[in-house]
Amino acid sequence: MNTVDRSVAYMDAAMRRRFSFMELHPDTPPVAGLLDSWLRKRTEEQGGDPDAYDDSHVRLLDEINRLLADGSPGDRSFRVGPSYFMQDLAHTGDGALERLWKTQIIPLRTEHHWGDGTDVEAVYGLPALRARLNIPPPANAGSADSADDSANQ
């Protein structure tokens with residue numbers, strides 16, 4: 001169930017009898033390692049060496065979840081799952097990961113930290129995480145923003 005669902009009411013016993021339930025978390029099987037496996041297979045399908053793929057998405061996901069575990073160790077439901085990185089939006093060229101971060105990851109973290117004074121960009125922002133993990137931005141990152149800034153001056 002989603003977090004909001006649990007706050008409304010317990011699941012009806014009649015419904016519970018009709019389904020099987022299993023908790024899924026990014027740090028336990030079968031979800032743990034899923035993004036790594038998916039990216040290796042994707043690299044191989046595209047003709048690349050699956051042992052030499054770019055693991056930056058895996059490292060970013062692991063770091064977000066490490067930060068969340070350090071900040072709120074009692075509630076695993078706020079951790080980020082691999083599906084955010086298993087969509088075309090994360091892999092479609094220039095600025096794809098930046099768009100994913102701006103439209104999905106940061107809003108999710110902002111909602112989680114609503115009203116607690118956390119500077120979400122400083123903690124979870126893509127530039128901050130890249131710097132912390134020593135992951136360089138793409139070679140052409142910021143070129144579109146720079147062109148927009150020049151046109152606006």
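The values are calculated or read from the model by the stated rules, or taken from the named source; none is laboratory data. Since we're looking at a predicted model, the values are computed, not measured. Positions of Cβ are backbone-derived with ideal geometry, glycine not excepted, and every protein chain shown enters the neighbour counts.
Just name the residue that is modelled with the highest pLDDT out of those in segment 4-39 that are among the charged types (D, E, K, R) and more than 26 Å from residue 135 (Cα to Cα).
Our first condition is that a residue be among the charged types (D, E, K, R); within segment 4-39, this holds for 5-6, 12, 16-18, 23, 27, 36.
If we keep only those that are more than 26 Å from residue 135 (Cα to Cα) too, we end up with 5-6, 12, 16-18, 23.
Details: 5: 51, 6: 52, 12: 72, 16: 77, 17: 82, 18: 85, 23: 81.
Residue satisfying both the conditions and the ranking: 18.
Going by the structure shown, is residue 42 on the phi < 0 side of the Ramachandran plot, assigned to a helix (DSSP H, G or I), within 14 Å of the chain's Cα centre (by Cα) and modelled with pLDDT under 95? Reasoning before the result, please.
Values: on the phi < 0 side of the Ramachandran plot: yes; assigned to a helix (DSSP H, G or I): yes; within 14 Å of the chain's Cα centre (by Cα): no; modelled with pLDDT under 95: yes.
For residue 42, the condition - on the phi < 0 side of the Ramachandran plot, assigned to a helix (DSSP H, G or I), within 14 Å of the chain's Cα centre (by Cα) and modelled with pLDDT under 95 - is not met.
Residues being without any contact (Cβ under 8 Å) to a residue 24 or more places away in the chain and closer than 24 Å to residue 92 by Cα: count how many of those fall in segment 16-31.
The number of residues fulfilling the criteria is 0.
Restricting the search to segment 57-74, which residues are of a type in the set (S, T, N, Q) and buried (at least 17 other Cβ atoms within 10 Å of the Cβ)? Step through it out loud before you land on a result.
Let us first name the residues in segment 57-74 that are of a type in the set (S, T, N, Q), namely 65, 72.
65 - this is the single residue of segment 57-74 that is of a type in the set (S, T, N, Q) and buried (at least 17 other Cβ atoms within 10 Å of the Cβ).
For every residue, the table says whether it meets (1) under 14 Å from the mean Cα position of the chain (by Cα); (2) under 21 Å from residue 31 (Cβ atoms); (3) surrounded by 13 or more Cβ atoms within 10 Å (Cβ to Cβ).
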| position | (1), (2), (3) |
| --- | --- |
| 76 | no, yes, yes |
| 90 | yes, yes, yes |
| 101 | yes, yes, yes |
| 104 | yes, yes, yes |
| 107 | yes, no, no |
| 117 | no, no, no |
| 124 | yes, yes, yes |
| 129 | yes, yes, yes |
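Just to verify a result, which residue in segment 15-37, among those that are polar (S, T, N, Q) and part of a loop (DSSP other than H, G, I, E, B), is surrounded by the fewest Cβ atoms within 10 Å (Cβ to Cβ)?
As a first pass, look at segment 15-37 and keep what is polar (S, T, N, Q): 20, 28, 37.
Narrowing the set further to residues that are part of a loop (DSSP other than H, G, I, E, B) leaves 20, 28.
Numbers: 20: 5, 28: 10.
Only one residue fits best here, namely 20.
Pairs please, first residue from segment 48-72 and among the small types (Gly, Ala, Ser), second anywhere and outside any helix (DSSP H, G or I) and surrounded by fewer than 14 Cβ atoms within 10 Å (Cβ to Cβ), Cβ atoms under 8 Å, 6+ apart in sequence or on different chains.
Going by the 8 Å Cβ cut-off, the qualifying pairs are 69/27.
Please specify each residue of segment 45-57 satisfying the condition of being outside any helix (DSSP H, G or I) and not aromatic (Phe, Trp, Tyr).
The answer is 46, 47, 48, 49, 54, 55.
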